[in-house]
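Here the structure is laid out as structure tokens; the discussion comes afterwards.
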Amino acid sequence: MKPRIGWIGTGVMGRSMAGNLLKAGYPLTVYTRTKQKATTLLDSGAVWTESPARVAAASDVVFLMVGYPADVREVVLGEEGVLAGFRESLGRTEPPTVVDMTTSSPALAAEIFDAAKAQGADALDAPVSGGDIGARDGTLSIMVGGDEAVFRRIVPLFEVLGSKIVYQGKAGMGQHTKMVNQILIAGNMAGMCEALLYARRTGLDMEKVMSSVAAGAAGSWSLSNLAPRILRGDFAPGFFVEHFIKDMKIALDESARMNLRLPALDLVCRLYRRLASQGGGRLGTQALIKALDGLAEDDSF
């Protein structure tokens, strides 16, 4: 029998990820703060419940894909959270498992792991990379921390969601790996946007430039997938600016704790904060070009 799946959070990525599990034939119970966001899943056979605890009580494995560490804490550790729901359910042949796919704090991942173990449950931190396209196509990169035996038990579910699934180590190591990912993206995104601005100011044919540079050493996922959106003025979110700022802040806080300075990341974070202050927090990360373009007339940065 297929395990019963719970899913919490149906935003830009979560809705597609949950939908892929549903298409793969897994029974799905869903909770999200705004029920309307789960309409397509409910129309496809998912069952709605009114709290994370009720999702957990009806599920063997609960995935969550929410916004911020505070949301993760409430959803998992709160009075109506996942672990409370696990305590209410009986008759399981294996320990219930909570899998946090949100990009969150490594320390919180370790705290959730310990709290789950204390009541006979399991927990994995499994943040992802690949954006809305990877979520839709089931080609995400999934970085997992927790017990390796639990990871191996959940791998068949991960394989529905992603094409690159790597066990990184103990609880929190999935989140640390995601910080590495976000640091790489931040620098790459700034370089891509600056290059496009340079090309535009020189009067180059942007499509011809793209065809030349994308095939060489300068090629990247961002250049292939996000630069075309920029060129056609599409700043819809595959990943929200405000969520990327959250991720960069986690990375900077972790770096400070390790007495490590990351000046490039700090600069890109400040640029994104500038974009958010101009009303761009709910745009896609490719909208960084707007903040950079505005610097030409502003020497105060």
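Among the numbered criteria (1) touching a Leu at 6+ places or on another chain (Cβ under 8 Å); (2) in a helix (DSSP H, G or I), which single criterion is violated by PRO237?
Looking at each condition in turn, PRO237 falls short on (2).
Given the structure, is ALA115 in contact (Cβ under 8 Å) with a residue 60 or more places away in the chain, surrounded by fewer than 24 Cβ atoms within 10 Å (Cβ to Cβ), of a type in the set (A, V, I, L, M) and closer than 23 Å to ALA70 by Cα?
Against the criterion (in contact (Cβ under 8 Å) with a residue 60 or more places away in the chain, surrounded by fewer than 24 Cβ atoms within 10 Å (Cβ to Cβ), of a type in the set (A, V, I, L, M) and closer than 23 Å to ALA70 by Cα), ALA115 does not qualify.
Considering only segment 261-278, how many residues are farther than 16 Å from ILE185 by Cβ and hydrophobic (A, V, I, L, M, F, W, C)?
1
Within segment 255-286, restricting attention to residues that are assigned to a helix (DSSP H, G or I) and within 18 Å of the chain's Cα centre (by Cα), which residue is farthest from SER104 (Cα to Cα)?
Checked segment 255-286; the qualifying residue farthest from SER104 (Cα to Cα) is GLN286.
Could you list, in sequence order, all residues of segment 118-154 that are over 20 Å from GLN286 (Cα atoms) and part of a loop (DSSP other than H, G, I, E, B)?
GLN119, GLY120, ALA121, ALA126, PRO127, GLY138, THR139, GLY146, ASP147 - these are the residues of segment 118-154 that are over 20 Å from GLN286 (Cα atoms) and part of a loop (DSSP other than H, G, I, E, B).
Scan segment 1-25 for residues that are over 16 Å from VAL98 (Cα atoms) and in a loop (DSSP other than H, G, I, E, B) and report the count.
Selection size over segment 1-25: 8.
Could you count how many residues in segment 155-184 are free of Cβ contacts under 8 Å to residues at least 60 places away in the same chain and among the polar types (S, T, N, Q)?
Total satisfying the criteria: 4.
Go through segment 159-176 and give me each residue that's surrounded by fewer than 23 Cβ atoms within 10 Å (Cβ to Cβ) and assigned to a helix (DSSP H, G or I).
Of everything in segment 159-176, those that are surrounded by fewer than 23 Cβ atoms within 10 Å (Cβ to Cβ) and assigned to a helix (DSSP H, G or I) turn out to be GLU159, VAL160, MET173, HIS176.
Can you name every residue in segment 131-150 that is buried (at least 24 other Cβ atoms within 10 Å of the Cβ), more than 20 Å from GLU254 (Cα to Cα) and in contact with a strand residue (DSSP E or B) (Cβ under 7 Å, 6 or more places away or on another chain)?
If the condition is that a residue be buried (at least 24 other Cβ atoms within 10 Å of the Cβ), more than 20 Å from GLU254 (Cα to Cα) and in contact with a strand residue (DSSP E or B) (Cβ under 7 Å, 6 or more places away or on another chain), then GLY134, LEU140, ILE142 are the ones that fit.
Taking segment 32-89 on its own, how many of its residues are part of a helix (DSSP H, G or I) and touching a Ser or Thr at 6+ places or on another chain (Cβ under 6 Å)?
Matching residues across segment 32-89 total 6.
Which count do you get for residues in segment 1-27 that are free of Cβ contacts under 8 Å to residues at least 24 places away in the same chain and either within 23 Å of PRO95 (Cα to Cα) or not assigned by TED's automatic domain parsing to the domain that holds VAL76 (or both)?
Matching residues across segment 1-27 total 2.
Suppose we filter ARG257, ARG270, ARG229 for residues that are of a type in the set (Lys, Arg), in contact with a strand residue (DSSP E or B) (Cβ under 9 Å, 6 or more places away or on another chain) and under 26 Å from PRO127 (Cα atoms); which single one remains?
ARG229
Looking at (1) within 26 Å of ALA135 (Cα to Cα); (2) touching a helix residue (DSSP H, G or I) at 6+ places or on another chain (Cβ under 6 Å), which is the one condition that is false for MET206?
Answer for MET206: the failing condition is (1).
The values are calculated or read from the model by the stated rules, or taken from the named source; none is laboratory data. Note that the coordinates shown come from a computational prediction; the quantities given were computed from them, not determined experimentally. Glycine gets a Cβ as well: all are built from the backbone with ideal geometry, and neighbour counts include every protein chain shown.
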